[in-house]
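J.: Attaching a single structure in structure tokens format; questions to follow.
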Amino acid sequence: MKIAVFGLGYVGLSIATLLAERHKVVACDVVAEKVDKVNKRLTVISDEYIEKYFKEKKLDLTATTDYKSAIDGATFAIIAVPTNYDPNQNYFDTSLVDEVINNILNVNKEICIVIKSTIPVGYTQKIKNKYNYNKIFFAPEFLREGKALYDNLYPSRIVIGSNLEEAKIFANLLLEASLKDDIEVIYTGATEAEAIKLFANTYLAMRVAFFNELDTYAELKGLDSEAIIKGICLDPRIGKGYNNPSFGYGGYCLPKDTKQLLANFDNVPNNIITAIVEANRTRKDHIAEIIANRKPNIVGIYRLTMKANSDNFRHSSVQGIIRRLDEKGVKVIIYEPTLDADNFFGNQIVNDLEQFKKLSDIILCNRKSTKLGDVANKIYTRDLFGKDE
């Protein structure tokens, strides 16, 4: 069958690649450069499995900027465009999702629309009511940055926010493309599926915040943070996931999803959800204070990215630390080889690594790197285990 995918970010490109081995997939994006790269089988995101599939698999995948040609004759339209949290409205900005749905229904009145963009709780029902159209459902993704296609091939679970026959067909598309046995498929109401996505990400953010606060305590009390965390996480009820201290949670999902869930809690009693959002601010305040108190002449930021093998630095926690250091009058330089610019929000980019090392009195490194082994005495990191999670 023909499947249209809107958005060539890590969600859209990974599911387009996943489905294109067995079906005709046309991916649509407004950025012509992304479209050209995909048609040349050059990945537009850092993802080992997508690169492997582009080189080794025969994929019926084309990309276009023409949404009408993508929709024409398609059975499913998968929406994977960005939704950013708008602090002024205290709500997700779903304008791109709104626009895509409107364009789809103006062209194809029979198509089934699958929303994979993260959306507020209640959005799907609202949009179904608006268009008086029932063949729209939400199917959340649970993908890690840099491992998006892998997580589609070996999913932890498949959640489908509908009991429509089309929803079951879509679930089977995901099952037949996966390489894992015994995948649990959960069919829920649309609003429950939306809640699953936001609560899942907020729980992960809570774990990150918990171990960061433990690490702050250990640092200020002169304790061995690594020993404490290891001792705690050997308890199987707690486990070892998401226990490596960092400069705070960041990236595509956790910052905006926690804030959106908190907004959805308006007039609903809560303490934990509010604390998770506040804890991330407190962590960045603490890191900036520690660095500023050392009174360095120049602070070097080694990578704006959150993870070791990533090219994404959207909403990375270190950006919050940079802003705090700027406010304290601390001079900051940045090493970020994926950024082709002279400065980042007024801070000098120094992409000659040796010069960057020489100029920096302290180097902030969210995740350790062997490239900094010769300046270990300058490094400030809270990375204990050398892993991204």
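The values are calculated or read from the model by the stated rules, or taken from the named source; none is laboratory data. Since the model is a prediction, treat every value here as computed from it, not as a measurement. All Cβ positions, glycine included, derive from the backbone under ideal geometry; neighbour counts span all protein chains shown. Heavy atoms of the whole protein, side chains included, go into the accessibility calculation; ligands, DNA and RNA do not. Shrake-Rupley method; radii C 1.70, N 1.55, O 1.52, S 1.80 Å.
J.: Between a first residue in the range 129-158 that is touching a residue at least 24 places away in the same chain (Cβ under 8 Å) and a second residue that is open to solvent by less than 10 Å² (accessible area, probe 1.4 Å) and among the basic types (Lys, Arg), which pairs have beta carbons less than 7 Å apart while being 6 or more apart in sequence or on different chains?
T.: PRO140/LYS197
J.: I would also like to ask the following. Looking for whichever is more than 25 Å from ILE45 (Cα to Cα), of a type outside the set (Lys, Arg) and crowded, with 20+ Cβ neighbours inside 10 Å here; the options are ASN280, ASN293, ASN377, ASN366. Which one fits?
T.: ASN280
J.: Run ILE229 past the list (1) within 30 Å of LEU18 (Cα to Cα); (2) touching a Phe, Trp or Tyr at 6+ places or on another chain (Cβ under 9 Å); (3) open to solvent by less than 30 Å² (accessible area, probe 1.4 Å); (4) β-branched (Val, Ile, Thr) and report the number of the one that doesn't hold.
T.: (1)
J.: Right, next: Is there any pair linking a residue in the range 251-267 that is at pLDDT 75 or above to one that is in a loop (DSSP other than H, G, I, E, B) and open to solvent by 20 Å² or more (accessible area, probe 1.4 Å), with Cβ under 6 Å and at least six apart or on different chains, and which?
T.: Short answer, once both residue conditions are applied: ALA263/ASN90; ASN264/VAL121.
J.: Given the range 119-188, what helices (runs of 4 or more DSSP H) lie entirely inside it while holding 2 or more residues that are out of contact with any strand residue (DSSP E or B) (no Cβ under 6 Å at 6 or more places or on another chain) and among the aliphatic types (A, V, I, L, M)?
T.: In the range 119-188, the matching helices (runs of 4 or more DSSP H) lie at 148-153, 165-177.
J.: Right, something else. Output the residues belonging to the range 337-363 that are open to solvent by 50 Å² or more (accessible area, probe 1.4 Å), part of a loop (DSSP other than H, G, I, E, B) and over 14 Å from LEU304 (Cα atoms).
T.: ASP342, GLY346, ASP352, ASP361, listed by residue number.
J.: From the list ASP285, ASP388, exactly one residue is open to solvent by 20 Å² or more (accessible area, probe 1.4 Å) and in a helix (DSSP H, G or I). Which is it?
T.: After ruling out the rest, the residue left standing is ASP285.
J.: Continuing with the same structure: Against the condition under 11 Å from ILE298 (Cα atoms), without any contact (Cβ under 8 Å) to a residue 60 or more places away in the chain and among the hydrophobic types (A, V, I, L, M, F, W, C), how does VAL375 come out, does it pass?
T.: no
J.: Output yes when any residue across the range 199-216 is within 27 Å of LYS57 (Cα to Cα) and part of a helix (DSSP H, G or I), and no when none is.
T.: No, because not a single residue in the range 199-216 is within 27 Å of LYS57 (Cα to Cα) and part of a helix (DSSP H, G or I).
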